[in-house]
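**Student:** Dropping a structure here in structure tokens format, bear with me for questions.
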Amino acid sequence: MSGGLNGQAIVAPPSFDPADPDDPAHLRLLYGVPADVSGDHVREYVRLARQESEAGRAYETALLRLRGRAAALGAWTPSPTVGRAVLAAPPGVSAREAVSIGTLAEPPPRRWTVAGLVPEGAPSILAGHSGLGKSYVALLLSLCVCMGRPFLGRDTRRASVLWVDRELDQDEMARRSFAVARGLGLDRPPDTLYYLRPDEPVGSESTQALVLSAVERFGVGLTVLDSLTLGALGDTKEQRDVVAVMRHVEAWGTSLSIDHITKSAAAGNQSSATIFGSGMKRAVARSTFFLAPAGDALALRPDKSNFGAASSPVYLRASHLADERGQPEVTFETLDTADDALRGAEDHAPAHEQTLFAILRLFETGGGPVALATLAAEREAKESTIRNHISKLGSRVVKHGDNTYSPADSRSGTPGSEAGNEARESDQSRP
């Protein structure tokens, strides 16, 4: 039946069988799908809607994923009415319903894409001053994940990687990728490394649809954003804007966002560096770590880990070289804390790391374990403070029965041994 209102035609909705929950005509009305979309696409969209609801995701995150996934089907761009999909999907055990934890089966151990640094299914942030080489380190991490190789001594889970670039361009990304690949002994980057440079910033609906479409199409297990500050919609100092952007990033699943530190930290001592902009970046991220100067080398220093104790820093050196054919090559090596290249590393290290360097220095000059009182005098600190530092250092320091301390063996300065233990404890088997 048709009629008219203010010159606009009114068309009666098609009839459908209310007893059939999968009747395409019914689903079109329920999910706000245009009439020209095929029945197969409608069913696929509804399947995804129900899948998201049953997964128990927060409403906003599920909605963002649904919009991107629907667009990935290539049929239509969902209108805001797709929000009804989450609410209308068959009820399951969701985050909006109270459940008895004691009646649930114990979940398996949390998995990590990079042991101790990048938890699976959650956002992480790598921050540091401009020009230190954050993008190269993130690119090394990406290639290692693509191949399932250890990253600076830490186990990885093999997965496809999507690089979302809001700083450079495809040619520059390709140049860097080939150079890092050659440093790993490869002729070229893995074909499971994908690149995307959206025109609109992260936080816009169009970019979200592009990213989620690529994640869906290529089975991406890790998405890297370069960078969070320059690539985000809105004001990165405003809490509301940052939360909205981080919710988009959350919907990507496992992610690593490259970001900058505050100007004050970049200009001085970086031992207490903070991520540029609103503190909600760090609040939403489940893991954060910093790249900082360390003498003539670099320190990759874990800062926050919601899913386990922050692991030990990695000291590394990046070298930009040329191979035998004159092609650019970037290599990375981890360093022991006693390496000469790390002299002066404590200048940008947290207080407990400075205590470790003091132990190393006094151990070398004295030829043996260092007394607590000697350490306190060297650091010009109270003995109780030094004890707190040593507690934070964990297995990197050996405590002797006479209340003296010495550095652990060389593994203490080549972080990765600890990460390897975390990997085994978290069932870090590769697919």
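The values are calculated or read from the model by the stated rules, or taken from the named source; none is laboratory data. A quick note: this is a predicted structure, and the numbers were derived from the prediction, not measured. Backbone-built Cβ (ideal geometry, glycine too); neighbour counts: all protein chains shown. In case anyone asks, the SASA skips ligands and DNA or RNA and just uses the protein heavy atoms, side chains included. Shrake-Rupley method; radii C 1.70, N 1.55, O 1.52, S 1.80 Å.
**Student:** Got a number for carbon plus sulfur as a percent of the stretch 212-367's accessible area, 1.4 Å probe?
**Tutor:** The value for the stretch 212-367 is 47 percent carbon and sulfur by accessible area.
**Student:** Further question on the same structure: In Å, what Kirkwood hydrodynamic radius results for the stretch 194-286 from the alpha-carbon pair distances?
**Tutor:** 13.8 Å
**Student:** What percent of all Cα-Cα pairs in the stretch 179-235 falls into each 10 Å bin, going from 0 up to the bin containing the maximum distance?
**Tutor:** 20, 42, 28, 10, 0
**Student:** Along the stretch 389-394, what does the Karplus equation 6.51 cos²θ - 1.76 cosθ + 1.60 (θ = phi - 60°) give for ³J(HN,Hα), rounded to whole Hz, x for Gly and Pro?
**Tutor:** After applying 6.51 cos²θ - 1.76 cosθ + 1.60, I find 4, 5, 4, 5, 6, x Hz.
**Student:** So, taking all protein chains as they sit and a 1.4 Å probe, how much accessible area belongs to residue 272, in Å² rounded to tens?
**Tutor:** Using a 1.4 Å probe on the heavy atoms, I get roughly 90 Å².
**Student:** Heavy atoms only, probe 1.4 angstrom, no DNA, RNA or ligands counted: give me 385, 274 ranked by accessible area, highest first.
**Tutor:** 274, 385
**Student:** Separate question: Sort the following peptides by mean Cβ neighbour count (other Cβ atoms within 10 Å, averaged over residues), highest first: 168-174, 123-129.
**Tutor:** Top to bottom by mean Cβ count within 10 Å: 123-129, 168-174.
**Student:** Need the list of lysines near residue 392 for cross-linking: C-alpha distance under 18 angstrom, and skip anything on the same chain fewer than eight residues off.
**Tutor:** 304, 382
**Student:** I've got another one for you. Compute the accessible area per residue over the stretch 333-399, keeping the other protein chains in place, probe 1.4 Å, unit Å².
**Tutor:** 51 Å²
**Student:** When you count, for each residue, the other Cβ atoms within 10 Å and take the mean per peptide, how do 227-237, 325-335 rank with the highest first?
**Tutor:** Ranked by mean Cβ neighbours within 10 Å, highest first: 227-237, 325-335.
**Student:** The stretch 119-220: D in µm²/s via Stokes-Einstein (Kirkwood Rh, Cα pairs, 37 °C, 0.692 mPa s)?
**Tutor:** 225 µm²/s
**Student:** Find out how many positive minus negative residues lie around residue 289, taking Lys and Arg as positive, Asp and Glu as negative, among other residues whose Cβ is under 9 Å from that of residue 289.
**Tutor:** Overall, the nearby charge balance is +1.
**Student:** First select every other residue whose beta carbon is under 14 angstrom from the beta carbon of residue 188; then total the charges, Lys and Arg +1, Asp and Glu -1.
**Tutor:** My count for the surroundings of residue 188 gives 0.
**Student:** For the stretch 322-389, taking Cα atoms only, what is the radius of gyration to one decimal and the Dmax to the nearest whole Å?
**Tutor:** Final numbers for Rg and Dmax: 17.1, 57 Å.
**Student:** To continue, here is another question. Keeping every protein chain in place, order 379, 197, 188 by accessible area at 1.4 Å, biggest value first, i.e. largest first.
**Tutor:** Details: 379 55, 197 105, 188 145 Å².
Result of the area sort, largest leading: 188, 197, 379.
**Student:** Measuring from label point to label point, each 7 Å out along Cα→Cβ, what is the residue 391 to residue 331 span in nm?
**Tutor:** 4.3 nm
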